[in-house]
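The next block holds one structure in the form of structure tokens; read it before the comments.
The values are calculated or read from the model by the stated rules, or taken from the named source; none is laboratory data. Everything numeric in this text was worked out from a predicted model, so none of it was measured. Please note: Cβ atoms are built from the backbone with ideal geometry, for glycine as well, and neighbour counts cover all protein chains shown. For accessibility, only protein heavy atoms count, side chains too; no ligands or nucleic acids. Shrake-Rupley method; radii C 1.70, N 1.55, O 1.52, S 1.80 Å.
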Number of protein chains: 4
Amino acid sequence: MSQSSNNPSTSGVSRPSPGRKRSEASRIAILAATRELVAEQGYEKLSIGGIAARAGVGKDTIYRWWPSKGMVVADAVLEEAQPFHLAPPPQSGPVDEDIRAWAHALARDFADPVRVGRIRAVTSAASEDPATAEQLYERFTQVQRTGFIDRLRLAAEAGEVRPDADFGAVADAILGSLMYWATAHRADLRVESVDSLLDVLLRGLRADRTDGQ
Amino acid sequence: MSQSSNNPSTSGVSRPSPGRKRSEASRIAILAATRELVAEQGYEKLSIGGIAARAGVGKDTIYRWWPSKGMVVADAVLEEAQPFHLAPPPQSGPVDEDIRAWAHALARDFADPVRVGRIRAVTSAASEDPATAEQLYERFTQVQRTGFIDRLRLAAEAGEVRPDADFGAVADAILGSLMYWATAHRADLRVESVDSLLDVLLRGLRADRTDGQ
Amino acid sequence: MSQSSNNPSTSGVSRPSPGRKRSEASRIAILAATRELVAEQGYEKLSIGGIAARAGVGKDTIYRWWPSKGMVVADAVLEEAQPFHLAPPPQSGPVDEDIRAWAHALARDFADPVRVGRIRAVTSAASEDPATAEQLYERFTQVQRTGFIDRLRLAAEAGEVRPDADFGAVADAILGSLMYWATAHRADLRVESVDSLLDVLLRGLRADRTDGQ
Amino acid sequence: MSQSSNNPSTSGVSRPSPGRKRSEASRIAILAATRELVAEQGYEKLSIGGIAARAGVGKDTIYRWWPSKGMVVADAVLEEAQPFHLAPPPQSGPVDEDIRAWAHALARDFADPVRVGRIRAVTSAASEDPATAEQLYERFTQVQRTGFIDRLRLAAEAGEVRPDADFGAVADAILGSLMYWATAHRADLRVESVDSLLDVLLRGLRADRTDGQ
DNA sequence: GTCTAATCGAGACGGTACGTCCCGTCTTAAT
DNA sequence: ATTAAGACGGGACGTACCGTCTCGATTAGAC
């Protein structure tokens with residue numbers, strides 16, 4: 001379901017509104033065409049006209065339902081499970097293991113050329129349009145961030161982790177370094193780098209029984 | 001000095017190449033106009049024609065020396081001390097204090113509207129052009145990263161810090177979270193967030209005298 | 001009606017083609033602006049961008065319907081009765097009188113600054129583009145030529161004129177000398193010159209009763 | 001020798017002026033390059049920069065000695081015997097024969113692709129620049145015209161031709177039809193057409209002994 | 001033999017126009 | 001009422017030349 005809710009007949013009951021209904025087929029074709037073109041040409045050479053042509057759709061049909069190219073891309077990349085692994089960290093073992101499992105899954109997504117291409121596309125879109133940036137945050141960053149924080153909160157209650165640490169700041173460090181790496185166009189993301197970072201972060205978060213504090 | 005080195009006669013000594021010399025006045029006017037327009041309109045609405053007009057210069061003079069809009073912006077923002085605080089961490093006290101001083105200076109740059117606007121501009125440029133991304137990395141990220149790593153290396157030698165930690169990964173976490181924050185268009189960067197992150201990171205890096213290692 | 005027939009659905013009957021129709025208002029505004037600018041600045045300083053601006057139209061709208069500046073000018077100058085007197089020689093008296101009447105009308109057109117400016121414009125356009133030259137021929141030269149030849153043919157049947165003369169060559173001489181004069185930028189066309197030429201030509205064409213033939 | 005006389009020391013005697021003298025080699029190279037490029041690309045795609053590059057010469061060297069592209073072309077095409085047959089009509093037989101010989105030579109020049117290409121080039125140049133038009137007239141049209149008129153004047157004195165005819169108008173008809181044909185880009189100039197025209201013109205010029213007139 | 005100065009090649013400069021591409025809106029006929 | 005198609009006014013793109021302006025490097029008569 002589309003996130004850009006312009007549904008013209010949401011208000012109360014009133015008239016069932018006449019005329020042709022929004023074509024679900026068009027919506028799907030547009031988002032699929034967008035993903036194809038992002039993969040083939042990248043976000044920068046993408047054009048609304050190109051998407052419309054590929055989707056066999058009029059340009060107006062796109063403009064009627066989305067406010068900008070960025071939002072189309074955001075929808076195309078972020079809908080359903082399309083984009084990447086959105087699962088929160090598991091709660092199945094010691095916090096260290098759970099966090100590492102989560103971070104590895106994330107890192108593997110960023111190592112996949114297709115997925116990273118899409119991430120790059122939304123990030124480009126976000127960097128030129130605040131509304132798209134908001135979408136990216138709400139539908140990806142924040143989801144990951146919240147999952148991470150929740151798991152750490154649990155660990156804090158279990159005494160595995162210092163309760164006074166700023167879990168949000170830590171989440172931002174992990175997610176931020178991944179996102180920036182993606183936009184930086186720099187070669188090979190190595191999972192070991194993520195591991196090395198976790199080494200430091202998890203040690204820094206560890207509840208220190210010896211000297212209290 | 002301009003980074004876009006197109007010097008046609010670098011080979012050996014030989015002839016000093018004929019023809020009129022590149023106009024330094026134009027180079028300066030172009031970069032200044034770019035900075036002005038970035039501040040006034042942002043990177044997205046920036047146009048080569050607009051820069052040329054503002055600088056009182058022909059478009060060709062821009063295209064002759066820079067390959068893309070992104071590279072002009074990179075040069076304009078990153079030349080000399082223009083952009084932000086590039087000083088490495090000091091070596092004047094305990095590593096914790098030095099790193100915090102450095103990170104605070106950095107955070108203050110990111111909190112300044114003018115500076116963050118410029119950072120945002122280069123980041124946008126970088127996200128649409130790998131060559132610009134390379135510039136941003138070489139002339140900003142890498143400089144900061146190297147300074148940070150060098151300071152930690154010194155601390156490791158002094159036994160202040162675990163020598164087996166991946167300092168690069170830590171640097172990337174700090175810089176990445178700042179950079180991503182900048183592009184994410186999200187409100188207010190709070191210096192306290194950076195401090196909170198440092199709390200965790202520095203604790204994680206701390207040499208642990210009790211259990212040796 | 002526009003001469004630049006790009007009708008995309010001329011084949012058979014089939015579908016009337018979807019989409020917005022060509023704007024007749026734009027077509028008219030473009031041709032009018034072209035005539036104005038030709039009069040104000042002459043063909044050489046004419047620019048597509050200038051025409052578009054004056055007509056309140058996008059450049060693409062010009063390029064969509066005309067292949068070159070020359071063809072716009074040809075259309076602007078040659079449409080309908082705009083350009084000059086296209087009437088064929090009358091058939092109301094002796095051939096000499098009819099031809100002189102026709103030639104005088106023509107010469108008067110070439111003596112009018114506005115009209116000769118337009119002629120000059122199409123001629124310049126024709127001299128740099130074969131397609132425009134073809135237009136000029138089909139829509140002006142050939143019309144005049146055919147009218148002239150037809151009148152002489154009639155005269156030949158009436159025995160006023162030698163039937164074996166090459167009427168086309170004579171028409172070319174009259175029209176060619178006028179056209180060349182127009183492009184040559186030389187001062188004042190005198191109607192007497194045309195008259196003098198007709199003196200010789202009509203005498204040369206005259207049926208010679210004495211020696212038969 | 002160049003027609004564009006910018007000789008800076010023509011005035012009186014004064015100083016013979018020091019400094020380097022104009023390079024004859026450059027002058028020749030420029031005109032040769034111009035002829036080559038006219039043949040290869042036509043007048044419209046010709047550029048001063050292109051001529052300079054082909055001639056191995058700086059652009060300023062062209063601008064120093066010629067005021068416009070048109071004048072360079074005029075010089076290149078019209079210098080010496082380069083362009084076409086400039087001989088006046090012979091005076092070796094009856095006027096009819098002499099005129100036909102002259103016209104045939106002219107027609108043959110216009111039938112030669114290389115020569116007609118050059119004529120077309122100067123004509124294009126002339127149609128966009130009055131000064132060039134003047135050159136074309138002085139150095140080609142007028143020469144032919146004067147030769148023709150002189151021969152007819154002689155014939156008039158010999159009683160071969162009506163002395164009261166306007167020889168200039170007749171010359172213009174012959175030359176004009178040839179020139180217009182050249183610019184009209186129309187296929188095949190047939191020598192027979194010229195002959196047909198001469199049939200009429202010479203008959204029209206013929207002194208009529210029988211009925212005086 | 002210098003001196004002096006015009007000319008040369010090269011090519012960067014401030015500009016203008018090009019023809020293309022895409023934007024976001026609008027119009028049309030068909031469903 | 002929405003759709004596919006596609007024309008519209010607008011504006012930026014990157015390129016090609018324009019005619020002018022530095023640059024050293026010749027080149028040649030005047031001193």
*asked:* Please determine whether any residue of region C:113-122 is hydrophobic (A, V, I, L, M, F, W, C) and modelled with pLDDT of 95 or more.
replied: no
*Any residue in region D:144-156 that is touching a helix residue (DSSP H, G or I) at 6+ places or on another chain (Cβ under 6 Å), surrounded by 23 or more Cβ atoms within 10 Å (Cβ to Cβ) and among the β-branched types (Val, Ile, Thr)?*
no
*asked:* Of everything in region A:123-143, what is closer than 14 Å to B:Arg186 by Cα, surrounded by fewer than 20 Cβ atoms within 10 Å (Cβ to Cβ) and touching a residue at least 60 places away in the same chain (Cβ under 8 Å)? Give them in sequence order.
replied: A:Ala131
*Among the residues of region D:110-122, is any surrounded by 16 or more Cβ atoms within 10 Å (Cβ to Cβ) and without any contact (Cβ under 8 Å) to a residue 24 or more places away in the chain?*
no
*Pick from region D:201-212 the residues that are open to solvent by less than 60 Å² (accessible area, probe 1.4 Å) and assigned to a loop (DSSP other than H, G, I, E, B): which of them is modelled with the lowest pLDDT?*
D:Gly212
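Report yes if some residue within region A:147-170 is under 20 Å from A:Ala39 (Cβ atoms) and either modelled with pLDDT of 90 or more or more than 8 Å from chain B (Cβ to nearest Cβ) (or both); otherwise report no.
No, because not a single residue in region A:147-170 is under 20 Å from A:Ala39 (Cβ atoms) and either modelled with pLDDT of 90 or more or more than 8 Å from chain B (Cβ to nearest Cβ) (or both).
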*helices (runs of 4 or more DSSP H) (entirely within region D:23-77) containing at least 3 residues that are away from DNA strand F (no atom under 12 Å from the Cβ)*: D:24-41
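Test D:Ser196 against the stated conditions and say whether it is without any contact (Cβ under 8 Å) to a residue 60 or more places away in the chain, closer than 15 Å to C:Asp166 by Cβ, within 9 Å of chain C (Cβ to nearest Cβ) and under 21 Å from the mean Cα position of the chain (by Cα).
On the way: without any contact (Cβ under 8 Å) to a residue 60 or more places away in the chain: yes; closer than 15 Å to C:Asp166 by Cβ: yes; within 9 Å of chain C (Cβ to nearest Cβ): yes; under 21 Å from the mean Cα position of the chain (by Cα): no.
So D:Ser196 does not fit the description; no.
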_Flag if C:Arg186 is farther than 25 Å from D:Leu202 by Cβ, outside the structural domain of C:Gly42 (by TED's automatic domain parsing) and not in a helix (DSSP H, G or I)_ = yes
_Residue count, region A:109-137 (criterion: among the acidic types (Asp, Glu) and more than 10 Å from every other protein chain (Cβ to nearest Cβ))_ = 2
_Residues that are modelled with pLDDT under 95 and more than 14 Å from chain C (Cβ to nearest Cβ): does region D:42-54 have at least one?_
no
*Return yes when B:Leu178 is part of a helix (DSSP H, G or I) and within 11 Å of chain A (Cβ to nearest Cβ) and no when it is not.*
yes
*Candidates B:Leu198, B:Leu106, B:Leu178, B:Leu136, filtered to the one that is modelled with pLDDT of 95 or more, within 26 Å of A:Thr141 (Cβ to Cβ) and aliphatic (A, V, I, L, M)*: B:Leu198
_If a residue must be open to solvent by 30 Å² or more (accessible area, probe 1.4 Å) and in contact (Cβ under 8 Å) with a residue 24 or more places away in the chain, how many such residues does region D:164-184 contain?_
2
*Check whether at least one residue in region C:61-84 is touching a residue at least 12 places away in the same chain (Cβ under 8 Å), within 12 Å of the chain's Cα centre (by Cα) and open to solvent by 30 Å² or more (accessible area, probe 1.4 Å), and report yes or no.*
yes
